[in-house]
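In what follows, a structure is listed as structure tokens, so that the remarks can point back to it.
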Amino acid sequence: MVKLSVMWNPFKKTMTEQTPEEKKGIIKKIKDGIDDKEEQLAVLSTMVRLGILIWSGGILTLAYIKLPPAFGIPEQKLDPTFIASVFTGTLATFGVAAAKKAGEKNNGGGGITQEQMEQLIEKASATAPTQTIKLETPAFRIVTEEK
């Protein structure tokens, strides 16, 4: 239901009707600002991921700090492994990857070095020097009809 208010306009010396502006929430403002549905879903997806990132970061922080006894909150004994995996997984969706320390070798990370790659290529070329791939497709014709 829209309420109309009547106001006196002294410059025109007439009565004018005004409709009050509808109050919009944050989601409504974002939705009005973006016309494309795919962009709206991308913004919503980003907001959800940010929410998960903030939540998991907060839980991880609380797992490693000791709160003062004045707060009256008992110390929680929790394993932060799951929360850390959620945190790093969410960071990965934003393109952030965990960095390795300077002295750490690349063996445990799942990646291989340039030397290892060259050795693999050398072994692969020695065992299977050639490979033949044959693709077969049935013949087809494109015909147009004239009427």
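We did not get these values from a lab; they are worked out from the coordinates using the rules stated. Note that the structure is predicted; figures quoted are calculated from it, not measured. Neighbour counts run over all protein chains shown; Cβ positions are idealised from the backbone, glycine included.
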Exercise. For the pair ILE34 and GLU115, how long in nm is the line joining their label points, each one 7 Å along Cα→Cβ?
Worked result: 4.8
Exercise. Based on the Cβ-Cβ distance from ALA92 to GLU122, what FRET efficiency comes out when R0 is 35 Å, to the nearest 0.05?
Worked result: 0.60
